[in-house]
Amino acid sequence: MNSRTIPIVAQPASRQRKREAPKGRTVDPAALEDVRRLLGAASRAPEYLIEHLHRLQDHCGHLSARHLAALAREMNLAQTEVYEVATFYHHFDIVKEGDAVPAALTVRVCDGLSCEIAGAQELLARLPQILGTQVRVIAAPCIGRCEQAPAVAVGQYALAQATCTTVEAAVKAGKTAPEPQGHIDLAAYKAHGGYRLLKQCIAGEPDVDSVIQTMEDSGLRGLGGAGFPAGRKWRIVRNEMAPRLMAVNIDEGEPGTFKDRVYLERDPHRFLEGMLIAAWAVGIARIYLYLRDEYHGCRATLETELARLRADPPYPGMPEIELRRGAGAYICGEESAMIESIEGKRGMPRLRPPYVAQVGLFGRPTLEHNFETLYWVREILEKGGAWFASHGRHGRKGLRSFSVSGRVRNPGVKLAPAGITARELIDEYCGGMQDGHSFYAYLPGGASGGILPAALGDLALDFDTLQPHGCFIGSAAVIVLSDADSAVGAARNLMRFFQHESCGQCTPCRNGTAKASALIAKAQWDLPLLADLSAVMRDASICGLGQAAPNPVDCVVKYFPHELA
C-alpha cells in the first residue's frame, strides 16, 4: 500500500438520535394566536418583518421571546433572523425570560449636541426622581427637533423647550400621542393648483426629456447630504431595465437636521407631487417612503393624506406608494442601509458596486432621493431651472434649507441662498446670537460635517466649498456654538453618538468609534494615536458613518489646539 494512501475504515452503524423538540424555541399557541390576530390580513412576506415588529411592540409595549418565536413561525422565518433584526434597532424593547418588563411609558430625552447645550443632562438627572418608577426615562440620540432644544418625547408626544415641570405635566395629562398637524391637506393643496403640473406631465406637456433637462439646468443636487445632481440621477435610472423602483429617504437622523420634518408638517402634497413627477419621468413601478420612527406626527399626516390621494388619484395608474416605518437607526439614512431595512433586514450598508441605481430594492434599479430634493421639483418646473440657479451668493447657485440650532436667537429652518456664510446666516436669518453669547464655532454639516472656528465663519456654505478645510455641508445642518461651549465637549458628544449608532458591520467603524470615544474622554489626548485611528477609519470603513466620524476630532486638533493645551 502506498504510504500516502489513507485506508477507509468502516464505522459501525448507529441509530440517529430522534429530536425531542422542534429546532429553536417551542412556539406558544397563545402567542401565535396573538400574532395572527394583530397581523390580520397583512402580508406575511419577509419584507414586512419590521412593520410587524412595530405592531407587536405598539400593542404589548415590548417584544417578548414568545411573541418573537410566534412571529417567526407565522412569517416562515428562522427565529434567529427575527431576533437579529429586532435587536438591531434601538426602538424595539426585547424582554427575555426572567427580565423585568419595561415601564408602560417611556420618556426619551434627546442628548444630541443642540439639546445637550440647552440643558438635556439636567433633565436626565432629575426626571427619574420626579416621574417615579412607573415611567422609564432614557437618553435618546437626536430626535430631529434641534430647534426646540431641549426636546423630549413622552411616548409619541413631542415636547419642545422641555423642562421638568412641562414633562411632568404632560405625563400627568396623559399626553403620549402625537398632536394633529396644521398642514395643507389634499383639498387645500388642489385649490391652489396642486397636482395640475403632474397632470400636464402625464398628458405629455411638458415631455419627459424637457422635464429632465429643466432639472439639470437648475443645478439641483441631492439634499440629503451626498449632493448628486438630481436630473442626472433621473437619466441614469431611466436607462436601466424595467421594472424600476423608488425609495424616498425621510430618515433624517443626522444630528442638527430637521428641515424635512418641518416641510412635511407644513405641505406634504408638494413633496408627494414632486415624487410622482419623478416617478413618471423615470418610469417607476412602485414607491417606498422610509420615515424615521421619531416622526410620529408626520407618519399620521402621511397616512391620512396618502389615503386621500389613493381615493382620489391625480391620474389613472398612479404607482402604489408604501409607507415604511424606521425603528431608530441613524445608519439607515445611508441609502443602501435604508434599502436593507425596507426589505425587512438589519440596516447594514451594502458594498458597492453595484450601485443602488443598478441593483437596489429587491434587486431592481432604484431611484433613491431625499425628501427635500423632491419637495423642490414642482417649483423648479413651474418657474424654470434658471430661476433656481439664479439664487446664490459668493459664486454659488441655488437655494438651501439650513437647519439652524444652537446658541442663535431664532433657530429653525432658514431658506437662504446657497453659498451664504455662517456669519451672514446667523446675523440675517437668525437674529444674531443669544443674549450674552459670542460666536465661537459652528458645525456646517451636522455631526459628521466637522467643526470650524468663528474665524472661518465667512466661508461659503455649499457643496464642494468646505472640503479643503476638512468639513462638508452634508444636509446643511448648522449648529452654532458660543464662548460658553467648547469644541472638545462637542467632539465628545458627537463621538459618543457615532459609537452608539455604528451598525457594527465593519471593524474600522465598530472598534474605531469606540476607541476614539475612549481616547478623547481623557484629559490628555494621544494625538499620534488619534491620527492613525482617523486614517484607518477613513480608508477602510464601508460607509460614510465610519469615514466621516473622525471629522469632529480632527477639526478640534487642527482648529482648537488651545483647548487641548
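Odds and ends about this structure:
- Flag for Gln181 being at negative phi, touching a Gly at 6+ places or on another chain (Cβ under 9 Å) and assigned to a helix (DSSP H, G or I): no
Matching residues to (1) under 17 Å from Glu303 (Cβ atoms); (2) modelled with pLDDT of 95 or more; (3) open to solvent by 10 Å² or more (accessible area, probe 1.4 Å):
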| residue | (1), (2), (3) |
| --- | --- |
| Met241 | no, yes, yes |
| Asn249 | no, yes, yes |
| Gly256 | no, yes, no |
| Glu265 | yes, yes, yes |
| His269 | yes, yes, no |
| Met275 | yes, yes, no |
| Ala278 | no, yes, no |
| Gly283 | no, yes, yes |
| Leu289 | yes, yes, no |
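- Test: residue in region 527-539 that is touching a Phe, Trp or Tyr at 6+ places or on another chain (Cβ under 8 Å) and closer than 19 Å to Ile331 by Cβ: no
- For region 540-554, the set of residues classified as within 24 Å of the chain's Cα centre (by Cα) and either over 19 Å from Gln499 (Cβ atoms) or part of a helix (DSSP H, G or I) (or both) consists of Ala540, Gly544, Leu545, Gly546, Gln547, Ala548, Asn551, Pro552, Val553, listed by residue number.
- Just one of the numbered conditions (1) more than 15 Å from Glu322 (Cα to Cα); (2) out of contact with any strand residue (DSSP E or B) (no Cβ under 9 Å at 6 or more places or on another chain); (3) in contact (Cβ under 8 Å) with a residue 60 or more places away in the chain is not true of Asn239: (3).
Condition check ((1) over 28 Å from Gly61 (Cβ atoms); (2) small (Gly, Ala, Ser)) across all residues:
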position	(1), (2)
Thr176	no, no
His183	yes, no
Tyr189	yes, no
Ser218	yes, yes
Arg221	yes, no
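- Members of region 191-210 that are over 29 Å from the mean Cα position of the chain (by Cα) and either under 29 Å from Gly363 (Cβ atoms) or touching a residue at least 24 places away in the same chain (Cβ under 8 Å) (or both): Leu197, Lys199, Cys201, Ile202, Pro206, Val208, Asp209
- When we screen Ser401, Ser390, Ser438 for residues that are touching a residue at least 60 places away in the same chain (Cβ under 8 Å), polar (S, T, N, Q), within 26 Å of Leu459 (Cβ to Cβ) and surrounded by fewer than 24 Cβ atoms within 10 Å (Cβ to Cβ), the only hit is Ser401.
- Exactly one residue among Glu97, Glu84, Glu116 is closer than 27 Å to Leu159 by Cβ and acidic (Asp, Glu), and that residue is Glu116.
- Arg36 at pLDDT 95 or above and within 19 Å of Pro102 (Cβ to Cβ): no
- Scoring Arg299 on the criteria (1) touching a Lys or Arg at 6+ places or on another chain (Cβ under 7 Å); (2) open to solvent by less than 10 Å² (accessible area, probe 1.4 Å) leaves a single failure, condition (2).
- The listed residues are Leu309, Leu351, Leu374, and the only one of them that is within 30 Å of Ser541 (Cα to Cα), open to solvent by less than 10 Å² (accessible area, probe 1.4 Å) and either modelled with pLDDT under 95 or not acidic (Asp, Glu) (or both) turns out to be Leu374.
- Any chance Gly326 is buried (at least 19 other Cβ atoms within 10 Å of the Cβ), closer than 25 Å to Lys175 by Cβ and at pLDDT 95 or above: yes
- First in region 341-366 and on the phi < 0 side of the Ramachandran plot, second anywhere and among the acidic types (Asp, Glu) and part of a loop (DSSP other than H, G, I, E, B), Cβ under 6 Å, 6 or more apart: Pro349/Glu334; Pro365/Glu240
- Checking region 492-501 against the condition returns no match, with no residue being farther than 23 Å from Arg145 by Cα and either surrounded by fewer than 24 Cβ atoms within 10 Å (Cβ to Cβ) or over 26 Å from the mean Cα position of the chain (by Cα) (or both).
- Any hit, region 452-464, residues being farther than 12 Å from Pro552 by Cα, among the aliphatic types (A, V, I, L, M) and under 23 Å from the mean Cα position of the chain (by Cα): yes
- Flag for His369 being open to solvent by 40 Å² or more (accessible area, probe 1.4 Å) and either part of a loop (DSSP other than H, G, I, E, B) or under 22 Å from Gly222 (Cα atoms) (or both): no
Residues are listed down the side, and each one gets a yes or a no for (1) touching a residue at least 60 places away in the same chain (Cβ under 8 Å); (2) of a type outside the set (Phe, Trp, Tyr):
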{"position": "Pro453", "(1), (2)": "yes, yes"}
{"position": "Leu456", "(1), (2)": "yes, yes"}
{"position": "Phe463", "(1), (2)": "yes, no"}
{"position": "Leu527", "(1), (2)": "no, yes"}
{"position": "His562", "(1), (2)": "no, yes"}
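- Listed conditions (1) β-branched (Val, Ile, Thr); (2) open to solvent by 70 Å² or more (accessible area, probe 1.4 Å); (3) within 17 Å of Lys383 (Cα to Cα) are all met by Thr165, apart from (3).
- For region 197-207, a tally of residues being part of a helix (DSSP H, G or I) and farther than 24 Å from Leu399 by Cα returns 4.
- Within region 461-491, the residues that satisfy the criterion of being open to solvent by 20 Å² or more (accessible area, probe 1.4 Å) and either of a type outside the set (Phe, Trp, Tyr) or within 18 Å of Ala516 (Cα to Cα) (or both) are Asp464, Thr465, Gln467, Pro468, His469, Gly470, Asp483, Ala484, Asp485, Ser486, Gly489.
- Meets criteria (of a type in the set (Ser, Thr, Tyr) and either in contact (Cβ under 8 Å) with a residue 60 or more places away in the chain or open to solvent by less than 30 Å² (accessible area, probe 1.4 Å) (or both)) for Thr513: yes
- A Cβ distance below 9 Å, combined with a sequence gap of six or more or placement on separate chains, defines the contacts here; from region 83-98, residues that are in contact (Cβ under 8 Å) with a residue 40 or more places away in the chain and farther than 11 Å from Ser64 by Cβ reach residues that are basic (Lys, Arg) and open to solvent by 70 Å² or more (accessible area, probe 1.4 Å) in the pairs Glu84/Lys345; Glu84/Arg346; Val85/Lys345; Val85/Arg346; Phe88/Lys345; Phe88/Arg346; Tyr89/Arg346.
- Here region 104-126 is the region considered, the condition is being over 27 Å from Val480 (Cβ atoms) and at pLDDT 95 or above, and the residue that is surrounded by the most Cβ atoms within 10 Å (Cβ to Cβ) is Val107.
The values are calculated or read from the model by the stated rules, or taken from the named source; none is laboratory data. In this text the structure is predicted, and so the values were computed from the model without any measurement. Neighbour counts are summed over all protein chains in view; Cβ atoms, including those assigned to glycine, are modelled from backbone coordinates with ideal geometry. Ligands, DNA and RNA are excluded from the accessible area calculation, which covers all protein heavy atoms including side chains. Shrake-Rupley method; radii C 1.70, N 1.55, O 1.52, S 1.80 Å.
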